Amino acid sequence: MAVPFSSISRRQFLRSSILAACAVGAPFLLQCGSKGGSAVFVKEPLPYAKDALAPTISAETMGFHYDKHYAGYVKNANRLVLKGAFGGQSPEEVIQATVGDPSKAAVFNNAAQAWNHAFFFKCLKPGGGGEPEGVLAEMIAAEFGSFANFKNAFLTAAGDRFGSGWVWLVLKDGKLSVVSSANADTPLAHGLIPLFTVDLWEHAYYLDYQNRRLDFVTAVLDNLANWDFAAAQLELALPAKEPAAEND
């Protein structure tokens, strides 16, 4: 069942979730957990060429998305963080500290969008899509009944999201869940651990799909979804298994 963040009754600022998200976000953002200075957001290089996701996502769309929108969020996040009282805070901590505070809305929006975009680009890969394997596949089957049911829940959440936002597969209380978020909102602000996402802002798909948002999300799931990346985030988030006891 898809759950919008607005249905959460209280903000769950869980330290354990932030630490797990910090591990997830480390490839994208500098100074994760650092106490040595202001948080710094980095425009991380794409892990593929801009035309590598075509025809599902065109090189033109990737160019605008990566070099204009994502770059703009990173630039603005750095500028706003350096102006504010965020010295020594990691990007995740900046997001945690500013969510829900109208006076810090600009900081939150740009910081969260910088983080969300860096994560999203890692959720894609040429020749991706299909169904995941291993523990992720097992947990999807346990929670949703089948991958087909998960896919339907994911598409339903994407279709139900009014306006701009994101649709996510997250880990919540040790179980998988599909959630959607409005605008810049992010699982990090709600005690959830992100595993996979698709950008629902029009700049992510309009040049290629116009108003056919669900066609875009379907095409990403079928052709580009990087389930290896999602599985790696799940492995980071799950408790380490105890080694099997040796028989005497």
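Odds and ends about this structure:
- For the range 100-204, the calculated P(r) over all alpha carbon pairs, in 5 Å bins from 0 to the bin holding the longest distance, is 2, 12, 21, 24, 20, 12, 5, 3, 1 percent.
- In plain terms, the chain from D160 to E235 could stretch by 24.1 nm, reckoned as 0.36 nm per residue minus the Cα-Cα distance.
- Whether the range 186-243 is rounded, prolate or oblate, judged on the alpha carbon gyration tensor where a/c under 1.5 counts as rounded: oblate
- Seen through its C-alpha gyration tensor, with square-root eigenvalues sorted a ≥ b ≥ c, the range 126-166 comes out oblate because a/c lies at 1.5 or above while a/b is not bigger than b/c.
- Counting only protein chain heavy atoms and rolling a 1.4 Å probe, the accessible areas of T156, T197, T218 rank, largest first, as T156, T218, T197.
- Label point at A148 placed 7 Å out along Cα→Cβ; residues across the range 118-137 whose backbone nitrogen lies under 15 Å: 131
The values are calculated or read from the model by the stated rules, or taken from the named source; none is laboratory data. Keep in mind the model is a prediction, meaning the values are calculated, not measured. In this analysis, Cβ positions are derived from the backbone assuming ideal geometry, glycine residues included, and neighbour counts consider all displayed protein chains. Areas reflect the complete protein model, heavy atoms only, side chains present, ligands, DNA and RNA absent. Shrake-Rupley method; radii C 1.70, N 1.55, O 1.52, S 1.80 Å.
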